[in-house]
Amino acid sequence: MTTKDYTKLSVKNETKEAVEVFVTFAADNNANKCCPSPAAISDFPVLTKVNKLRGKFTLAAGATQVFDSKGACFSGNIGFYIEPQCPVKSADFHHGKTGTNIAEFTLNPNTPCFEAYDISCVNGVNCFMMMKVEAGLGWHYGPKNTPIETIYNKSLQENKGNPGVFPVNCTDCIQLVGDKPCPVLPLGPAQTERICNIQRSERGGTVQIILATPQIL
């Protein structure tokens, strides 16, 4: 298997300070035909174990860390500064004053399942992140299968109409289903169409997760 046959993930820190990065993995699940035995913490020596499904590492300013699962399904999420959680009392912005956002992804699932990624602000926003892919590799979103190469989140209630982003407390993209996951945060505004997931049937290339600053966006 060559690297053109499967997809890698990379994480880049475009800020001027080192940052702690948290990687949360999907659990083994035989009922999940797309990704029954996903990659785990033990597959990536750069990670320090936090718990069974979560590891962390420190990413220097300007540095990039590549995660190569060698073709195994890689499903989970990545967050910056603190472990994903709802608002933290008396915290500053990066440490959860308005919750935390994460980059979610499923790469290299079993055929014919699609690869997918998004930025979830369901539990709030504590940073500005981007996700980038190469052009011409089949990534698309929404009811018209619109091609896309870059997504990014805005601040807490500014993500309506923003492709690839779940707005705050909008668990189903266009609405809240069930109770608010983060009760003290506002609801949405939600997306008006199902544009929250970026997906494709192809494989190959790299999905980049970039910690940015508002000026870059």
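The table below lists the values:
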{"read-out": "Identity of the residue in segment 189-198, of a type outside the set (A, V, I, L, M, F, W, C) and either in contact with a Gly (Cβ under 7 Å, 6 or more places away or on another chain) or surrounded by 18 or more Cβ atoms within 10 Å (Cβ to Cβ) (or both), that ends up nearest to residue 4 (Cα to Cα)", "value": "197"}
{"read-out": "Test result for residue 122, in contact (Cβ under 8 Å) with a residue 40 or more places away in the chain and buried (at least 18 other Cβ atoms within 10 Å of the Cβ)", "value": "yes"}
{"read-out": "Condition check for residue 80: within 17 Å of residue 17 (Cα to Cα) and either among the polar types (S, T, N, Q) or without any contact (Cβ under 8 Å) to a residue 60 or more places away in the chain (or both)", "value": "no"}
{"read-out": "Test: residue in segment 23-31 that is small (Gly, Ala, Ser) and either under 15 Å from the mean Cα position of the chain (by Cα) or at positive phi (or both)", "value": "yes"}
{"read-out": "Unmet criterion (only one of (1) touching a Pro at 6+ places or on another chain (Cβ under 6 Å); (2) farther than 23 Å from residue 109 by Cα) for residue 59", "value": "(1)"}
{"read-out": "Evaluation of residue 216 against (1) aliphatic (A, V, I, L, M); (2) at pLDDT below 95; (3) within 21 Å of residue 34 (Cβ to Cβ) (one fails), failing number", "value": "(3)"}
{"read-out": "Neighbours by Cβ (under 8 Å, 6+ apart or cross-chain): first from segment 204-217, over 16 Å from residue 19 (Cα atoms); second at pLDDT below 95 and surrounded by fewer than 17 Cβ atoms within 10 Å (Cβ to Cβ)", "value": "204/3; 204/4; 204/5"}
{"read-out": "Segment 94-111: number of residues that are more than 19 Å from residue 10 (Cα to Cα) and either at pLDDT 95 or above or crowded, with 21+ Cβ neighbours inside 10 Å (or both)", "value": "8"}
{"read-out": "Test set (1) under 30 Å from residue 62 (Cβ atoms); (2) in contact with a Ser or Thr (Cβ under 9 Å, 6 or more places away or on another chain); (3) not β-branched (Val, Ile, Thr) - residue 161 fails condition number", "value": "(1)"}
{"read-out": "Any hit, segment 46-56, residues being under 21 Å from residue 204 (Cβ atoms) and touching an Asp or Glu at 6+ places or on another chain (Cβ under 8 Å)", "value": "no"}
{"read-out": "Cβ-Cβ under 9 Å pairs, at least 6 apart or on other chains, segment 149-163 side farther than 20 Å from residue 207 by Cα, far side of a type in the set (A, V, I, L, M, F, W, C) and in a strand (DSSP E or B)", "value": "155/128; 159/119; 159/165; 159/166"}
{"read-out": "Residue selected from segment 148-175 under the condition in contact with a Phe, Trp or Tyr (Cβ under 9 Å, 6 or more places away or on another chain) and at positive phi, by the criterion surrounded by the fewest Cβ atoms within 10 Å (Cβ to Cβ)", "value": "173"}
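Conditions (1) of a type in the set (S, T, N, Q); (2) closer than 17 Å to residue 209 by Cα, marked per residue:
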| site | (1), (2) |
| --- | --- |
| 8 | no, yes |
| 11 | no, yes |
| 14 | no, yes |
| 29 | yes, no |
| 42 | yes, no |
| 56 | no, yes |
| 72 | no, no |
| 86 | no, no |
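The values are calculated or read from the model by the stated rules, or taken from the named source; none is laboratory data. A quick note: this is a predicted structure, and the numbers were derived from the prediction, not measured. Cβ sites come from the backbone with ideal geometry, for glycine too, and all protein chains shown count toward neighbours.
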